[in-house]
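This report refers to the structure that appears directly beneath it.
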Amino acid sequence: MTTHEIRYYIEHDSGAAPVRTAVHDNDTPADALHVAARYTDIQAKNYFNDNYVHPKAWRKVLEKYPRLKLCLAHFGGSEFSKGLGSSWVTEIIALTKEYPNVYTDIACWDIDECKDVLTELLISIEYAHLRKKLLFGTDWYMTLVALGGKPYKKFFEEAWDMFMEIPGGEELWGDCTFVNPFRFYGLFDKDKETGVRKLDNVVAALEKEECSSTALKRNLAFFNRLEEEYASKVK
């Protein structure tokens, strides 16, 4: 992850006065400004990654809002293949264990590169909580960009095969693709005072926007059937 303003973060946090100059008189502010060579590109990038991209950056937020719903995408991404040798991976594991609503997903993965590490984690008693905190993400178009044009169907099939090699993999697949996502989104959660589900609030908002009533009724009926299945699995 990056941003075209990556160099400004270290400058801002250091408390130093910004030193910026225009490149051309007709440039827009976003294009014309740059940080003078107070920090190298590597320093700026490393600072940004360590303090704003690394999962540990969420600790300050979670300490203040411990019930925040948060999905740490891709389980560290390219870092995941390093397994427990990566501070990204170990921090994500820690956060998903310490905070009730912190999850992670395995979207847009190189399955062959990551399956051994994932299997090791999921069969370990020490990391048993991950079975309830892991989401199978869609991120479908990114498979075309990041995985050499691999069709999403192919990615899905490879993920299924990977799960089937893990002890209890079929049940785990159901958790990661169905139970855990619905728990994370909380569509079936009811307000303690009104008894209204989050799903009902979504429906009300769509009705207000005058969406297709036929499609809305059909989809609501589908979700109501899913709620029955979900309830049977989380007991």
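Only the coordinates and a few stated rules stand behind these numbers; no lab work does. Remember, it's a predicted structure, so these values are computed and weren't measured experimentally. Using ideal geometry, Cβ is built from the backbone for each residue, glycine included, and neighbour counts are taken over all protein chains shown.
A few comments on the model shown:
- Going by neighbour counts of Cβ atoms within 10 Å, the residues CYS211, CYS176, CYS114 line up, fewest first, as CYS211, CYS114, CYS176.
- Cα centroid separation, segment 190-224 to segment 145-178 (Å): 30 Å
- Which listed pairs, of LYS132/LYS154; LYS154/LYS192; LYS60/LYS190, have C-alpha distances above 31 Å, in listed order: LYS154/LYS192
- Contact order relative to length of the chain, as percent, for alpha carbon pairs under 8 angstrom and 6 or more apart: 12 percent
- Each of HIS129, HIS4 was scored by other Cβ atoms within 10 Å of its Cβ. Arranged with the fewest first, they read HIS4, HIS129.
- Protection proxy ranking of 66-79, 191-204, 90-103, by the mean of other Cβ atoms within 10 Å over each peptide's residues and highest first, is 90-103, 66-79, 191-204.
- For the residue pairs LYS198/LYS233; LYS153/LYS217; LYS56/LYS97; LYS45/LYS69, the alpha carbons lie more than 22 Å apart in LYS153/LYS217; LYS45/LYS69.
- In summary, the chain shows an alpha-carbon radius of gyration equal to 1.25 times the 2.2 N^0.38 Å reference for compact globular proteins.
- Pair VAL196, ALA231: separation of 7 Å Cα→Cβ label points (nm): 2.0 nm
- Spin-label pair ARG218-MET164: with each label point 7 Å from Cα along the Cα-Cβ axis, the two points sit 3.1 nm from one another.
- Inter-part distance where segment 84-127 and segment 50-74 are each reduced to a Cα centre, Å: 15 Å
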